[in-house]
Amino acid sequence: MWSSERHLPLRAAGLLCALACAPVQAQEAAQGFAVERFYASAPGAGYFVMDALAHSGTFAGTMGITFGYSHDALQIRDEGAAAPLSVVSDRTFVDLGFAGTYDRLRVYFNFEMPLAAQGQSGQLAGFSYTAPDVDLSSHPDLIADARLGADVRLFGAPDGSARAGLGAQLFFPNGERADYMSDDTFRAILRALLAGDLDRFSYAAQLGWHARTLDEPRVPGNPQGHELLFGVAAGARASLGPKTHVVIGPELFGETALSSFFRGRTTGVECLLGARLETPVDEERVLRIKAALGGGLYARFGAPEWRALLGLELSGSVR
């Protein structure tokens, strides 16, 4: 009896040592990526994402600014969890664009500036997620990935029933990957474009390839390499004056990873209901006001639960 009691401290110490030395399942840290799937069209393109391919004439320029907000742009889901983890729950940004056109060609620059980004940090599906914490006062991330783009109309008149063209965009890495603003790599988009006007009806469509080298299939919600882009837009046109008109209609767009073609975890689709008003400022300048509200038809892979957009553009010829 005395011998057993004498060994109790040794047994307790051994148990504590075993517990301390037992392997602990570590949570791998997710690194972040460019979560935004709203690739704004060039200033003067008409739609928010699609391109009307209606530019023509001599040298002209357009300046544009777009304000945007998205809710729950990145939610990580796991079958064993009671609720998804909203890693990027609220994101506000402003996009500045400058475009120059000549005849059938347009060249443009876009600079997206995040105003605020927040979310929920946590552990899910074996990974540790750190939410972005961006605001202008204490933690600014002033410019995300910048874009250089070019679009050319290959077929059709600027006001014809059918127009076709090609577009290309190059992304320059600049934002912080930890803030879900950048992949920290160069990216490119190639698009085949279609548009037209039929009396009081306008339409546009795109099919593209997103050359994306970031490929992290193990991390839920992360990019999985190159992607297929798709989209379509349509609108009813109404005249409010001799040179003033409004176009109202839906715009649907999305993407899917080519390595997991149209699989649930690698496809996102969203739809916007938008309107744009075009009216002349004077004989040479045109003001365009655009607004849209919508969200994810399939809120996965960066497509948010809902989104709101407001855009202002001013176009004019260059003498």
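Since every read-out is calculated from the coordinates, none of them should be taken as a lab result. Keep in mind that what you see is a predicted model, and the values were worked out from it rather than measured. Cβ sites come from the backbone with ideal geometry, for glycine too, and all protein chains shown count toward neighbours.
Worth a mention:
- Extension gain, residue 82-residue 105: 0.36 nm per intervening residue step, less the Cα-Cα distance, totals 3.1 nm.
- The shape of the stretch 83-126 comes out prolate: with a ≥ b ≥ c from the C-alpha gyration tensor, a/c is at least 1.5 and a/b beats b/c.
- For the stretch 90-118 versus the stretch 256-319, the gap between their alpha-carbon centres in whole angstrom: 12 Å
- For residue 183, distant residues with modelled amide H under 5 Å away: 34
- The stretch 190-271 shape via C-alpha gyration tensor axes, a/c threshold 1.5: prolate
- Kirkwood-based Rg to Rh ratio, the stretch 97-235, C-alpha trace: 1.06
- The stretch 30-317 shape via C-alpha gyration tensor axes, a/c threshold 1.5: prolate
- Between helix 8-21 and the chain there is an angle of about 20 degrees, using the helix long axis and the longest principal axis of the Cα atoms.
- Loop-located GluC sites (Glu not before Pro) in the stretch 272-303 whose Cβ has at most 16 other Cβ within 10 Å (DSSP): 283, 284
- Residue 161/residue 226 FRET efficiency (R0 45 Å; Cβ-Cβ; nearest 0.05): 0.85
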